[in-house]
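Throughout, read-outs are computed from the coordinates displayed, never taken from laboratory work. What you see is a predicted model, and the numbers here were worked out from it, not measured in a lab. Neighbour counts are summed over all protein chains in view; Cβ atoms, including those assigned to glycine, are modelled from backbone coordinates with ideal geometry.
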Amino acid sequence: MKTKISLAIATALAIPLQAVADHEQLPTIIVEGSAMRAGTFGTAPDSSGLKDTASLLKRVPGANVNRNGPLTGIASYRGMFGNRINISIDGANMKEVGPNSMDPPLSHIPAPLTGKLTVHRGISPVSSGIESFGGSMHAESKKGRFAEGDGVETSGTASMGYGSVDDGHFGALLGAVATKNHKLYLSGSKEQGRDYKIKNNQKQENTRYDREAFTAGYGYQREGHEFGINYSNNNTGHTGTPALPMDIVYVRGGLYDANYSWDLGDGFKLKTNVFYQKMRHWMDNYTIRSSAIDMSNRTEVEAGGIDLAVDVPLFDGILTVGVNGDQANHDASSFMDMMGGIDTNFFNGVERDRYSVFTEWTGEIADDMVIELGARYTHTWSDAGEASTSTMMNLATNPDLQADLAAFNDADRKRNFNEVDLAAVLRYTISSALDMEVGLARKNRAPTYQELYLWTNNGAVGGFADGSTYIGDLNLDHETAYQFDLGFDWHNEDAYVAPRFFYHYVDDYIQGELTTRGTPSNPILQWSNIAAQFYGVDLEAGYTITDNWRVDAGLNYVRGERVNSPTGDSDLYRIAPLNGRAQVTYEQSQWMGAIEGVFYADQGDVAGYNQEQATKGYMLLNLRGKYEPYHGVVIGTGIENVLDTKHFDHLGGYVNHDRSNGRIAMPGRNIYATLSYNW
Ligand SMILES: [Cu+2]
């Protein structure tokens, strides 16, 4: 039993499995606390997964993607999304430069350069980061390998691919030269595509993309010491975000991070991570699309953070004590081509800082029983400078502009939030074939700067994409979630079934409420604290039929409701409909083929407060194949949406952020091919 326990501890502490990732064409998906073997669904090269790391989440139980554009995928987990999920990139809690989340963290490193994506299933440990409110995800870029022998060794990966639906192509190259102790690596990638086709060669406008990325870094390891320094740069060019009021003209900038860990043996360990990022962004509504009034927006972010954690053995387990902190500064100014041109400084010197300490103990409390206990205290501080606008008048579209501005600039805008997170997860091995996990947690999230400081009605709302404009509220409270999670994992040599049930009650959940402004068909909403609950089940299962044949499946159901809704209308916004996926795989030593079926039910449980539209269900058929003619050379090919079904993603948005345009159609039939070489 001891090996199983130490394995449980190892996964809880998220020890890197970089070696696994380096040999794979696709990013390895690691689901912590899951029966799903790494790469179960990821073995078939998938064209979307090669472009956008976030789309891999569709294969993770309970997870999904709010798709605002081809490179703008916002992580969603059990009905929670955006800032409610803690995401790290190479250990850094990256900040978005776009106030409308055009550059969600998972878009920073393109999929061909992503080594692995880790998702914590169920209740994420407090050690996984600050504000792990709705979940925790960690992406790691590919960094090459240290040499195995005494000499100098090289490693690397080269990949390229083409997809017919958007005439999209990508190429990526990573090279590393290393000894046993030192490693230097460099990588670059380029992706480009046109507007994708929907059924019958019609096009979905505003879905083109263009991105370049590169990374460079150095790694050192010797006798328990590991040090790494890494720089990753993203240069996204003209890229559509049809669900938002504007498109990306550019997102440019980089992330510097450095980490050091020291394994002293006998369970003693030290881990540190530091990051700094600086990014610039330009968006407008006239470069890619056309609009009645031309608008553009220039934004900047500068952020940094530090993490420190120490592991010490205590009783039959490991005690971790750590501190985390980060600071982010945001600026955004807009230009509107009306009344001779109006400049508005929307977010001026906005700052949001978090200081946090935590402790966590994971260990054996009885035979076959492991418990994880964690507590975290976080202090969040935020402030905003005075906003300004060049017009002295109100606008026809906003009669309250001058009054809103004066009220905001007169108010005390400093805010403090004190949050205590608690988590307790018990893992019990009932028999050699059955494991059980039960978890309880209390998690918090402070309001975002947009929720606090959006001083007049505007669409800069963290990628919410509901077609509405919002007003912030300086008096928001932080959200507190009470979470319950119950999971079973049944497995034998040939099969596994792992269902998970959850219930979350959220006090002071931040959601828009109707104001008296706007029109009945287009009311203006204000961020407000309400009570909400989320419940559901996600399940994964698989069966090995013969040495060559295998079937895997997943099913996700979540319901999100407002508690004690005064209007009786209680459904929450952007909750994925019941959905599932099944894949039959045939695998031989050199090749594999798979048939994948995806289904989404109708979603009629829609939010009334923001006039969310219901979505019809659909089924998709995908065929995938992979061939490895020589060791390390992989050819992938397939047809996605074989039947060219016209379908709409409930987690997508409305065409050009306007509900009257209806939902954005998803891609039609796509024939793709990829080629990769790993050495
Ligand atoms: Cu933007």
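For the chain, a crude dipole built from +1 on the beta carbon of Lys and Arg and -1 on the beta carbon of Asp and Glu, taken about the Cα centre, is about 1260 debye to the nearest 20. Can you bin the chain into rounded, prolate or oblate? Criterion: square roots of the alpha carbon gyration tensor eigenvalues sorted a ≥ b ≥ c, rounded for a/c under 1.5, prolate for a/b above b/c, oblate for the rest. The shape class here is rounded. Stretching residue 270 away from residue 221 to a fully extended chain increases their span by 16.2 nm, per 0.36 nm per residue minus the current alpha-carbon distance. Using 0.36 nm per residue and subtracting the Cα-Cα separation, the extra length available between residue 495 and residue 434 on full extension is 20.8 nm.
Take every DSSP beta bridge whose two residues both sit in the chain; close to 95 percent of them are antiparallel.
If the segment from residue 482 to residue 661 were pulled out straight at 0.36 nm per residue, it would be longer than the present Cα-Cα gap by 60.6 nm. What residue among 29, 241, 76 has its Cα farthest toward the positive end of the dipole of the chain, where the charges are +1 on Lys, Arg and -1 on Asp, Glu, each on the Cβ? Of the listed residues, the answer is 241.
Pairs exceeding a 24 Å alpha-carbon distance, out of 95/203; 143/190; 51/203: 95/203. Answer with one residue from 385, 528, 645: the one whose Cα lies farthest towards the positive end of the charge dipole of the chain, charges on Cβ with Lys, Arg +1 and Asp, Glu -1. Farthest along the dipole direction, towards plus: 645. Sorted ascending by nearby beta carbons within 10 Å, beginning with the fewest, 252, 574 become 252, 574.
Taking a ≥ b ≥ c as the square roots of the eigenvalues of the Cα gyration tensor, the stretch 482-539 is classed as prolate, since a/c reaches at least 1.5 and a/b is larger than b/c. Among 534, 268, a tally of other beta-carbon atoms within 10 Å of each Cβ gives an order, fewest to most, of 268, 534. Could you compute the net charge surrounding residue 669? Neighbours are other residues with a C-beta less than 13 Å from the C-beta of residue 669; K and R count +1, D and E count -1. It works out to a net charge of 0. How far, in degrees from 0 to 90, does helix 2-12 lean away from the longest principal axis of the Cα atoms of the chain, to the nearest 10? Rounded to the nearest ten degrees, it is 20.
Only Lys, Arg, Asp and Glu carry charge here, each on its Cβ (+1 for the first two, -1 for the last two); on that basis the stretch 329-450 has a dipole of about 180 debye about its Cα centre. Only DSSP H runs of four or more residues enter the estimate; each adds -39500 (n - 2.57), and after division by the residues of the chain the mean residue ellipticity at 222 nm equals -1000 deg cm²/dmol. Note on the chain: dipole from Cβ charges, positive end direction compared against 399, 170, 65; the farthest Cα belongs to 170.
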